[in-house]
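Inspection log for the structure reproduced underneath, given as structure tokens.
The values are calculated or read from the model by the stated rules, or taken from the named source; none is laboratory data. Keep in mind that this is a model prediction, so the values were computed, not measured. Because the Cβ atoms are built from the backbone with ideal geometry, glycine has one as well, and the counts that use them run over all protein chains shown. Surface areas here come from the heavy atoms of the whole protein model, side chains and all, with no ligands, DNA or RNA. Shrake-Rupley method; radii C 1.70, N 1.55, O 1.52, S 1.80 Å.
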Amino acid sequence: MSVTIKSEHEIELMREAGRILAIVHDEMAKIIRPGISTMDINRKGEEVIRSYDCIPSFLNYNGYPASICVSVNDEVVHGIPNKKHIIKEGDIVSLDAGVIYKGYQSDAARTHAVGEISEEDQRLIDITKQSFFEGIKFAKAGNHLYEISKAIQDFVEANGYSVVRDLVGHGIGKNLHEEPQIPNFKPIGRGMKLRPGMTLAIEPMVNAGAFEVWVLEDDWTVVTRDSKNSAHYENTVLITEGEPELLSYREDLV
Ligand code: MF3
Ligand code: CO
């Protein structure tokens with residue numbers, strides 16, 4: 001399948017999918033505190049998604065067994081919620097969620113502090129979020145895709161962290177994963193030319209230590225090889241002639 005350019009009607013549906021997802025993240029953020037389980041977060045997220053008549057897109061995707069990916073500390077992405085996994089003061093928790101509204105998808109991730117966290121971990125969370133905003137400065141029609149990748153990588157590395165190589169962002173629309181792939185590091189070449197109507201899930205995954213990761217025995221949970229912490233930040237973004245439109249983000253929400 002190749003890159004899809006969305007019609008005005010499709011964009012309208014994706015806006016709604018994104019608007020709802022921003023609320024889902026905000027509602028999940030409100031319940032984060034020491035003592036709850038990662039399954040409690042999944043349950044809350046799924047409940048809010050369904051309350052808007054949406055479908056949790058991750059549930060059963062390639063066999064993934066939950067609605068929300070909950071990844072704690074050295075878990076990078078795709079952590080599987082578990083009622084026995086209790087989060088504690090000082091943890092950092094990455095939440096990744098996707099919704100389908102009338103056949104159209106949105107995808108977004110946030111990393112949260114549980115209670116008081118170290119300054120170091122707060123900086124990791126902040127740099128990761130900021131790297132997304134550095135990247136999207138280049139997300140406009142006429143630019144090339146890897147300008148986004150390069151901006152993310154340069155910012156992250158200038159701050160002493162590393163970007164994960166084995167996982168990338170992606171186009172999104174009727175499908176969760178569409179072309180193009182969007183690395184958070186600069187490959188050879190300049191990538192495709194961006195056009196208005198492209199919708200992209202841009203998602204830096206940033207490690208405090210080295211970039212290498214591996215996958216646990218559950219076949220899903222991606223962890224850092226050096227066991228240092230990792231953070232994730234993602235939004236679904238619409239390319240326009242001018243500034244990109246952030247479909248899954250609201251300034252007054254998380
Ligand atoms: N946001 C992630 C991605 O873009 C999560 C999908 S993994 C899933 O790949 F299997 F849980 F859906
Ligand atoms: Co994604």
**OP:** Mind listing just one residue for me: the one in the stretch 175-209 that is among the aliphatic types (A, V, I, L, M) and within 13 Å of ligand 1 (Cβ to nearest atom) and, of those, farthest from T4 (Cα to Cα)?
**Re:** M205
Subject >> Hits in the stretch 172-196 (condition: closer than 18 Å to V77 by Cβ and touching a residue at least 12 places away in the same chain (Cβ under 8 Å)) >> reply: I172, L176, Q181, I182, P183, N184, F185
Subject >> Close pairs (7 angstrom Cβ cut-off, 6 or more residues apart or separate chains): open to solvent by 70 Å² or more (accessible area, probe 1.4 Å) in the stretch 205-217, among the hydroxyl-bearing types (S, T, Y) anywhere >> reply: F211/S162; V215/T221
**OP:** Kindly indicate whether S94 is in a strand (DSSP E or B), within 15 Å of ligand 1 (Cβ to nearest atom) and under 19 Å from D226 (Cα atoms).
**Re:** yes
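Can we say D40 is farther than 27 Å from S149 by Cα and surrounded by fewer than 21 Cβ atoms within 10 Å (Cβ to Cβ)?
Yes; evaluated as a whole, the condition is true for this residue.
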Original post:
Residues of the stretch 133-174 being in contact with a His (Cβ under 9 Å, 6 or more places away or on another chain) and away from ligand 1 (no atom under 16 Å from the Cβ), which ones?
Top reply: F138
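Which residues, taken from the stretch 62-102, are of a type in the set (S, T, N, Q) and open to solvent by less than 10 Å² (accessible area, probe 1.4 Å)?
S67, S71, S94
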Original post:
Scanning for something among the small types (G, A, S) and open to solvent by 40 Å² or more (accessible area, probe 1.4 Å), does the stretch 19-31 turn up at least one residue?
Top reply: no
Subject >> Residues of the stretch 10-31 classified as in contact (Cβ under 8 Å) with a residue 24 or more places away in the chain, closer than 20 Å to E116 by Cα and more than 18 Å from the chain's Cα centre (by Cα), total >> reply: 0
**OP:** Kindly establish whether N229 is modelled with pLDDT of 95 or more, within 18 Å of I125 (Cα to Cα) and within 14 Å of ligand 1 (Cβ to nearest atom).
**Re:** no
**OP:** Identify the residue in the stretch 103-119 that is surrounded by 14 or more Cβ atoms within 10 Å (Cβ to Cβ) and in a loop (DSSP other than H, G, I, E, B) and, among all such residues, is farthest from ligand 1 (Cβ to nearest atom).
**Re:** I117
Original post:
In the stretch 154-171, how many are touching a helix residue (DSSP H, G or I) at 6+ places or on another chain (Cβ under 8 Å) and open to solvent by less than 10 Å² (accessible area, probe 1.4 Å)?
Top reply: 2
Original post:
So which residues in the stretch 63-102 are within 19 Å of V254 (Cα to Cα), within 16 Å of ligand 2 (Cβ to nearest atom) and among the aliphatic types (A, V, I, L, M), if there are any at all?
Top reply: I68, V70, V77, L95, A97, V99
